[in-house]
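Single-structure report; data block below.
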Amino acid sequence: MSDHLRAIFRFARLGFGVTALFFCYQLVVDFVASSARSPAVMLGFVCLCPPSLISIFFRGVEFGTRASYFLWTSIGILNAALYAAVRALLLARKKKLD
């Protein structure tokens, strides 16, 4: 595998990992009823995972159900594709400048 594809795949894994952290954060906060979601943390995750805004349209899906796992897996794949596309564009721009 070439170095460019390896870099793109690394960024895709990073994008999926960010989504996984976001989902885990929401699961933990929902599990511990006494804590509330921090707006600053939520805004940070939304900036790092823009496809998570899709979940707004699926407000009826409760965390911990099969539907939520399917929804957030789909969001994770979209975020991984976004990160990979950004990395590919950056590599193409760098190659064009050279």
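Annotations
- Residue within the range 4-19 that is loosely packed, with under 15 Cβ neighbours inside 10 Å, touching a helix residue (DSSP H, G or I) at 6+ places or on another chain (Cβ under 9 Å) and aliphatic (A, V, I, L, M) present: no
- Applying the condition of being free of Cβ contacts under 8 Å to residues at least 24 places away in the same chain and of a type in the set (Ser, Thr, Tyr) to the range 1-37 and asking which residue is farthest from SER68 (Cα to Cα) yields SER2.
- Inside the range 77-98, residues that are surrounded by fewer than 15 Cβ atoms within 10 Å (Cβ to Cβ) and either of a type in the set (Gly, Ala, Ser) or part of a helix (DSSP H, G or I) (or both) make up a count of 11.
- Of all residue pairs spaced 6 or more apart or on separate chains, those with beta-carbon atoms under 8 Å, a first member in the range 86-98 that is over 20 Å from LEU48 (Cβ atoms) and a second member that is at pLDDT below 95 are LEU91/HIS4; LEU91/ALA7; LEU91/ILE8.
- The set of residues in the range 30-76 being in contact with a Leu (Cβ under 8 Å, 6 or more places away or on another chain) and under 14 Å from GLY15 (Cα atoms) consists of PHE45, VAL46, PRO50, PRO51.
- Residue match in the range 50-73 (condition: in contact with a Pro (Cβ under 9 Å, 6 or more places away or on another chain) and at pLDDT 95 or above): no
- Filter pass, LEU71 being part of a helix (DSSP H, G or I) and surrounded by fewer than 18 Cβ atoms within 10 Å (Cβ to Cβ): no
- Near pairs, Cβ below 8 angstrom, 6+ apart or cross-chain, from the range 38-50 (surrounded by 10 or more Cβ atoms within 10 Å (Cβ to Cβ)) to any residue that is small (Gly, Ala, Ser) and part of a helix (DSSP H, G or I): PHE45/SER52; VAL46/SER52; CYS49/GLY15
Each row is one residue, and each column tells you yes or no for (1) within 17 Å of ALA85 (Cβ to Cβ); (2) assigned to a helix (DSSP H, G or I); (3) under 14 Å from the mean Cα position of the chain (by Cα).
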site: HIS4; (1), (2), (3): yes, yes, no
site: LEU14; (1), (2), (3): yes, yes, yes
site: THR19; (1), (2), (3): yes, yes, yes
site: PHE22; (1), (2), (3): no, yes, yes
site: ASP30; (1), (2), (3): no, yes, no
site: VAL46; (1), (2), (3): no, yes, yes
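- Criterion violated by GLY60 - all others in (1) surrounded by fewer than 12 Cβ atoms within 10 Å (Cβ to Cβ); (2) under 21 Å from ARG6 (Cα atoms); (3) not basic (Lys, Arg) satisfied: (2)
- Single unsatisfied condition, LEU53 versus (1) touching a helix residue (DSSP H, G or I) at 6+ places or on another chain (Cβ under 9 Å); (2) surrounded by 12 or more Cβ atoms within 10 Å (Cβ to Cβ): (2)
The values are calculated or read from the model by the stated rules, or taken from the named source; none is laboratory data. Since the model is a prediction, treat every value here as computed from it, not as a measurement. Glycine also receives a Cβ, built like all others from the backbone with ideal geometry; neighbour counts cover every protein chain displayed.
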